[in-house]
Amino acid sequence: TAQLAAVACPLGGAGGLTYLQVGPMSECIRACLSAQGFRPSSETTGWTLAWGSTLPDAKFKSMRPQQAHNHIPGWHKLNNKGILAEMAEKCRAKGQKLAD
């Protein structure tokens, strides 16, 4: 039976792995993060991972290279068919103008 080697998370710094809860979080996610060595962060800036809802733009823009987030601003537009169709139509119209 093959054994998997433990891999250190590249996001972990001197303070260890911490997460910032942004909005609701299920017990399952909390348990998974804990099993991977993450602990909740009480800081608003020194966290390793933000999990939950989208961060406010100002906080997203001020993220450090060693920080990660499970959403990007505007992510909901990528899977909303109505918004996606509107954006596709705008792109098509712009492309047509460029072609003319």
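Quick notes
- Solvent-accessible area, 1.4 Å probe, carbon plus sulfur percent, for the range 20-100: 60 percent
- Sequence-distant residues sharing a close amide H with residue 19 (under 5 Å, placed H): 39, 41, 48, 49
- Local electrostatic count at residue 87 - Lys and Arg +1, Asp and Glu -1, tallied over other residues with Cβ under 15 Å: +3
- Here the Karplus curve 6.51 cos²θ - 1.76 cosθ + 1.60, taken at θ = phi - 60°, turns the phi angles of the range 47-63 into couplings of 7, 9, 9, 9, 10, x, 6, 5, 5, x, 3, 4, 6, 5, 5, 9, 4 Hz, with x standing for Gly and Pro.
- Spatially proximal aspartates and glutamates relative to residue 97 (Cα-Cα < 13 Å; intrachain offsets below 8 disregarded): 89
- For a straight C-alpha distance cut-off of 24 angstrom, the lysines reachable from residue 90 (same-chain residues fewer than eight places away being disregarded) are 77, 81.
- Rounded, prolate or oblate (a/c below 1.5 giving rounded, otherwise prolate when a/b exceeds b/c) for the range 21-72 by Cα gyration tensor: prolate
- Estimated inter-spin distance, residue 57 and residue 85, nm [label 7 Å along Cα→Cβ]: 2.8 nm
- With a Förster radius of 35 Å applied to the beta-carbon distance between residue 25 and residue 93, the computed FRET efficiency rounds to 0.30.
The values are calculated or read from the model by the stated rules, or taken from the named source; none is laboratory data. Bear in mind the structure is a predicted one, so any value in this text is a computation, not a measurement. Reconstructed Cβ throughout: ideal geometry from the backbone, glycine too, with neighbour counts over all protein chains shown. When the accessible area is computed, the model is the full protein with side chains, heavy atoms only, and any ligands, DNA or RNA have been set aside. Shrake-Rupley method; radii C 1.70, N 1.55, O 1.52, S 1.80 Å.
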